Amino acid sequence: MEITIRNFEEKDISSITEIINHNILHSTSLYDYNIRTEKQQLDLLKEKTEKGFPVIVAEVNNMVVGFGYYGGFRSREAYQYTVEHSVYVNKDYTNKGIGNLLLPELIKRAKKQNLHTMIGVIDSENVGSIKFHEKHGFKVVATIPETGFKFNRWLNSVFVQLILDTENK
C-alpha cells in the first residue's frame, strides 16, 4: 500500500469531515457532541492555514485516509512557540502506518517553523494514542481528571509534550 503525504486541499474536505464525524460519534478522541458540516470543518482548517500552520493529508489510491495539523496552543504571546496538534485516521485504515507518516511530518514542519514545543491532548482511555505519541518521542506531562463529559461519563485529559529544540528563543 503506497501512502502519499501532501498538503490539504479543499477537495479533501468531504473525506476529512467523514473521519472527524466518525470520531465525534464513536470515540473520545474529540470531546465534541455534534457532528460537523463540511463548511464548519473547512472553516476550521482554513483558519489554521491562514495563520501559517500546516494541514496535511495521507492519501491511498487518491483517497484521503488520514490528516493532521497543528495550531496555536493558547492565545497569549508567550505561547507563540508552542503548538497543539491532532492526527486522525479513517477507521478502515488504522494500524496501517498512516499516523506514523503524518506525525513525523508535522514534527518536521514545526521544527522548520522554529517552534519549540508540540502538545497533544488525549483522552486517558485512548492508551493506543498515548503509546503512539511516546513512540514518537512525546512524554506524558500531565493528566487532568474529569475535564470532559461524554457518553454519560467523566473523561480525563492526558497532556503529552515533545520539546522540538533545546535552545532558548
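Please go through segment 97-109 and give me each residue that is over 13 Å from the mean Cα position of the chain (by Cα) and crowded, with 17+ Cβ neighbours inside 10 Å, ordered by number.
Listed by number, the list holds a single entry, Arg109.
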Does Tyr79 fit the bill of being aromatic (Phe, Trp, Tyr) and either free of Cβ contacts under 8 Å to residues at least 24 places away in the same chain or at positive phi (or both)?
yes
Test Thr143 against the stated conditions and say whether it is modelled with pLDDT under 95, among the β-branched types (Val, Ile, Thr) and under 27 Å from Tyr33 (Cα atoms).
no
Residue that is nearest to the chain's Cα centre (by Cα) [pool: residues in segment 75-94 that are assigned to a strand (DSSP E or B) and among the hydrophobic types (A, V, I, L, M, F, W, C)]
Val87
Being at negative phi and surrounded by fewer than 19 Cβ atoms within 10 Å (Cβ to Cβ): is that true of Asn114 here?
no
Take the residues in segment 126-165 that are in contact with a His (Cβ under 9 Å, 6 or more places away or on another chain) and loosely packed, with under 13 Cβ neighbours inside 10 Å, then tell me which one is nearest to Leu115 (Cα to Cα).
Ile163
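The values are calculated or read from the model by the stated rules, or taken from the named source; none is laboratory data. Here the structure is a predicted model, which means the values were calculated and not measured. So basically every Cβ, Gly included, is an ideal-geometry build from the backbone, and we count neighbours across all protein chains shown.
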